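Since the structure comes first, as structure tokens, the remarks are kept for the end.
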Amino acid sequence: MAKSYAFSYKAGSSLIHRCPAWIKLLLLPLISILIFKLPPLFSIVLLILNFILASFLHFSLKEQLSDLKVIFYYAFFLIFARIFTVIFSGLGQDLVQSQAQALSQVQGLSQAQALSQAQGLSQAQALSQVQATSQAQAPSFTLHDFFLEKETCLSLVKLFSLMQLTALIFRTSTSLQIREGLENIELTLRRPFSSGKKPLKAPVAQTISLFINFIPQVSKIWNQAQLAWKARRGRTGIRMYLTLLPLLFSVGMKQAYNSARAITIRS
């Protein structure tokens with residue numbers, strides 16, 4: 001059995017597989033607008049329904065997670081950026097606070113003298129009261145500060161739902177079906193403005209289909225490069241990425257060039 005990769009087609013005879021590709025392509029932008037316009041509850045429900053539907057279509061959990069890998073990377077980047085920001089902002093505030101404490105030792109004496117004269121306290125009691133007030137005003141950080149904001153988490157849920165919906169289209173439609181679906185949409189839009197003397201063509205659909213169908217090809221090339229690396233007992237690490245990323249770029253450019261030439265020859 002061939003190894004499955006992200007956004008790869010998986011054969012089946014379900015109703016979604018038999019549904020024309022142009023209907024799926026038209027529904028995708030409409031549902032995407034609803035995801036970002038409606039309350040987050042719609043995205044959560046859609047996320048659960050997509051998971052149930054994908055499981056019903058015999059898409060394994062590993063296959064579903066591979067389609068969402070990009071969003072996971074984006075979420076980890078946001079978490080790392082949040083932790084980095086909180087830590088270094090805290091270090092900066094600590095540095096400012098230490099400088100402020102050195103300055104307050106000088107200013108605190110004058111404040112204590114004024115407070116002792118106003119309230120009749122001893123100078124030592126007034127100085128301790130001034131220091132307690134400055135410590136109470138110092139900012140403090142808790143574990144909650146390292147968590148993402150509620151709006152960011154809701155945006156991630158919407159992105160997960162949108163990516164899951166996109167993957168469902170790729171999993172149930174071949175590259176040929178996607179290209180023909182885009183061509184049908186463009187030809188339908190061009191037909192009212194056509195004179196009927198020349199045969200209609202769909203150059204925009206061909207360009208878009210070339211870009212869309214290249215997405216699973218990139219995933220396939222990367223998986224093949226990783227398998228070849230591990231077959232030579234290579235370890236996962238920085239060296240692997242430094243070696244395979246230039247190879248991915250080179251092979252991807254060659255694949256895109258061959259696909260563009262093939263489309264040019266056919267047209």
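Once you place label points 7 Å from the Cα toward the Cβ at LEU27 and ILE87, how far apart are they in nm?
4.5
Taking the square root of 5 times each eigenvalue of the Cα gyration tensor, what semi-axes in Å does the equivalent ellipsoid of the range 197-245 have, largest first?
39, 9, 6
Convert each backbone phi in the range 30-45 into a coupling constant with the Karplus relation 6.51 cos²θ - 1.76 cosθ + 1.60 (shift: θ = phi - 60°), then list the ³J(HN,Hα) values in order as whole Hz, x for Gly and Pro.
5, 5, 4, 5, 5, 4, 8, 9, 7, x, x, 4, 4, 5, 5, 4
In square angstrom, what is the accessible area per residue of the range 181-267 with a 1.4 angstrom probe?
76
Please report the net charge: other residues with Cβ closer than 14 Å to the Cβ of ARG239, K and R +1, D and E -1.
The answer is +4.
Cα extents of the range 1-78 along the three principal axes, largest first, in whole Å?
39, 32, 20
Can you send over the solvent-accessible area of MET163, 1.4 Å probe, protein chains only, in Å² to the nearest 10?
Solvent-accessible area, nearest 10 Å²: 50 Å².
The values are calculated or read from the model by the stated rules, or taken from the named source; none is laboratory data. Computed from a predicted model, the values in this text were never measured in an experiment. Quick reminder, even Gly has a Cβ in these numbers, built from the backbone with ideal geometry, and neighbours come from all protein chains shown. Just the protein is used for accessible areas: all its heavy atoms, side chains included, with ligands, DNA and RNA removed. Shrake-Rupley method; radii C 1.70, N 1.55, O 1.52, S 1.80 Å.
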